[in-house]
Protein chains: 2
Amino acid sequence: MLMARRKVSNPLALAVLGLLQEQSMHPYEMASTLRERHKDGSFKVNSGSLYDTVEALVRHGWIEPVETARDGRRPERTVYAPTELGQAEFVRWVDELVRTPIAEYPKFLAAVSYLGALGPDGAADALTERAGHLVQRIEQTQAVLDETVGSGAVPRLFMIEVECALHAWQAELDWTRRTVAEIGDGRLAWPRVERTEQGWTWSAADDGNGSER
Amino acid sequence: MLMARRKVSNPLALAVLGLLQEQSMHPYEMASTLRERHKDGSFKVNSGSLYDTVEALVRHGWIEPVETARDGRRPERTVYAPTELGQAEFVRWVDELVRTPIAEYPKFLAAVSYLGALGPDGAADALTERAGHLVQRIEQTQAVLDETVGSGAVPRLFMIEVECALHAWQAELDWTRRTVAEIGDGRLAWPRVERTEQGWTWSAADDGNGSER
DNA sequence: CGAGATATAGTCGGTTCCGACTATTAGGGA
DNA sequence: TCCCTAATAGTCGGAACCGACTATATCTCG
């Protein structure tokens, strides 16, 4: 069996489906609407991927073209609307994504796995710079939230994912700062690694005890 | 200009480079070593991607084959070692990844963007189930940490990324529980959306005031 | 009023990524 | 000793993804 193995998995497809719940649109309009509503922090909106995604949704019968209009002599725009299947699957998909956490692999985690390679000073320096960037990002995002939800222009529920992201970044910032502090006062020890015939040996920087792996 | 546009970007390449800092290996051994050391929570270790990644690293001159051994009549294994360039770039890459946060798009964020589609009860239910899964994941991961670092078998620095992940999951769990609570007591209102000729109108569930977007 | 900038709308080709599959060998209980 | 399973080692085809590019239309500012 080689066709339609699993559903469309790109989250951008979820965004498309979500927008089409409200109103029929052509792809370019989807992209600009997502940007207007600041949903481009939750979905990677790339024009190439967008058109691919729309085609995939058509193939799966979740959406369908309803109109092919042209304005003046601009290129033709194909307008899409969800099918009944698409409307049902949208809700099921959101439910599944919320209900079941899946493994993800943020690049920061990958980098932190090899934090040792930077040495204590290098690591503290890099983490400190990251903390600064995170502060900026958090402030900017908070400002957007204040302008929209804070002023009553948009109901809070419609931007709840921004609060979620903000919470996650704040947690990352806390961890980053805490780790800088722990490097500074030696609570996070930097073992010295040596190669021996037995394998690897490390000695703790503070007490000189060695262990083997 | 169409070749070698940017560096290898798959984090798995970082893992490969990291392992080869210690010791020459063949790809299969990389995969099993990563699993042994519980690094497979930070890197998506997929055999297909692994072989592609190793080839890409060779193309860029970051690693090179050093030996082609065969054991008994098993298929030949090609053993790789980093070049000097690869050793230098490894550190630079870790530094860059730690220093500069980049935009990422976790699927949970995508789903939360459309939390409204589940309705207050559906959303609370789904979030509650997620919280349960997160608790399990956190407990299991904590247990692994206790067995390894807790028992002194491995220095803390070598599993620091596990602490980082744990911190992030805990934050997600906190947000999830808080949101369930806010749905429950009405602090997170569910506006009723209606379509009008003007566009969209929503009325707050609690006070009946409408606003326009 | 002309020129450059920006907005509109989308195409295209190449790389990356992944899951499913293949094939051989070692281990271990009936 | 024989079969079944697990471990070893990797291949392959297709889907997803992305960035760079094209082309027209409108805006704007000296």
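Figures for the structure shown
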quantity: Accessible surface of B:LEU166 - all protein chains present, 1.4 Å probe, nearest 10 Å²; calculated: 20
quantity: Chain A, relative contact order in percent, only Cα pairs under 8 angstrom and at least six apart counted; calculated: 14
quantity: Viscosity 1.002 mPa s, 20 °C: Kirkwood-radius Stokes-Einstein D of chain B over Cα pairs, µm²/s; calculated: 100
quantity: Förster radius 35 Å - calculated FRET efficiency between B:ALA153 and B:LYS7 (Cβ-Cβ, nearest 0.05); calculated: 0.50
quantity: B:GLU89, A:GLU36, B:GLU64, reordered so the largest accessible area comes first (probe 1.4 Å); calculated: A:GLU36, B:GLU64, B:GLU89
quantity: Crossing angle, helix A:119-145 versus chain A [Cα axis fit, 0-90 degrees, rounded to tens]; calculated: 30
quantity: Accessible surface of A:ASP185 - all protein chains present, 1.4 Å probe, nearest 10 Å²; calculated: 90
quantity: Interface B:A - total buried accessible surface [probe 1.4 Å, Å², rounded to 100]; calculated: 7400
quantity: Under 14 Å, Cβ to Cβ, from A:LEU50 - net charge with Lys/Arg +1 and Asp/Glu -1; calculated: 0
quantity: Heavy-atom accessible area ranking, 1.4 Å probe, most first, across A:ASP146, B:ASP95; calculated: A:ASP146, B:ASP95
quantity: Exposure of B:ARG35 as accessible area (Å², to 10), given a probe of 1.4 Å and all protein chains; calculated: 120
quantity: Extent along principal axes [Cα atoms of the stretch B:107-203; Å; largest to smallest]; calculated: 67, 23, 16
quantity: Carbon + sulfur, % of accessible area of the stretch A:11-99 - ligands and nucleic acids excluded, 1.4 Å; calculated: 42
quantity: Cα centroid of the stretch A:1-63 to Cα centroid of the stretch A:105-181, whole Å; calculated: 27
quantity: Base-10 log of normalised Debye intensity for the stretch B:142-189 (one unit scatterer per alpha-carbon) at q = 0.16, 0.30 Å⁻¹; calculated: -0.56, -1.00
quantity: Net charge over other residues, Cβ less than 12 angstrom from the Cβ of B:LEU166 (K, R count +1; D, E count -1); calculated: -4
quantity: Around A:GLN136: net Lys/Arg minus Asp/Glu count, Cβ-Cβ under 14 Å; calculated: 0
quantity: Whole-angstrom Cα spans of the protein assembly as shown along principal axes, big to small; calculated: 78, 46, 40
quantity: Over the stretch B:11-99 - Rg/Rh using Cα atoms and the Kirkwood inverse-distance radius; calculated: 0.97
quantity: Pairwise FRET efficiency - B:ARG177 versus B:GLU29, Cβ, R0 = 56 Å, nearest 0.05; calculated: 0.85
quantity: Solvent-accessible area per residue for chain B (1.4 angstrom probe, square angstrom); calculated: 53
quantity: Per-residue [θ]222 nm for chain B (sum of -39500 (n - 2.57) over DSSP H runs n ≥ 4, rounded to 500); calculated: -17000 deg cm²/dmol
quantity: Relative contact order for the stretch B:107-203, counting Cα pairs under 8 Å that sit 6 or more residues apart, in percent; calculated: 30
quantity: A:VAL58-B:ARG37 FRET efficiency (beta carbon distance; Förster radius 41 Å; 0.05 resolution); calculated: 0.40
quantity: Carbon plus sulfur fraction of accessible area for the stretch A:107-203, probe 1.4 Å, in percent; calculated: 52
quantity: List of the stretch B:6-33 residues, accessible area with partners at least 50 Å² below that of the chain alone (1.4 Å probe); calculated: B:GLU22
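The values are calculated or read from the model by the stated rules, or taken from the named source; none is laboratory data. Everything numeric in this text was worked out from a predicted model, so none of it was measured. All Cβ positions, glycine included, derive from the backbone under ideal geometry; neighbour counts span all protein chains shown. Side chains included, ligands, DNA and RNA excluded: accessible areas come from the protein's heavy atoms. Shrake-Rupley method; radii C 1.70, N 1.55, O 1.52, S 1.80 Å.
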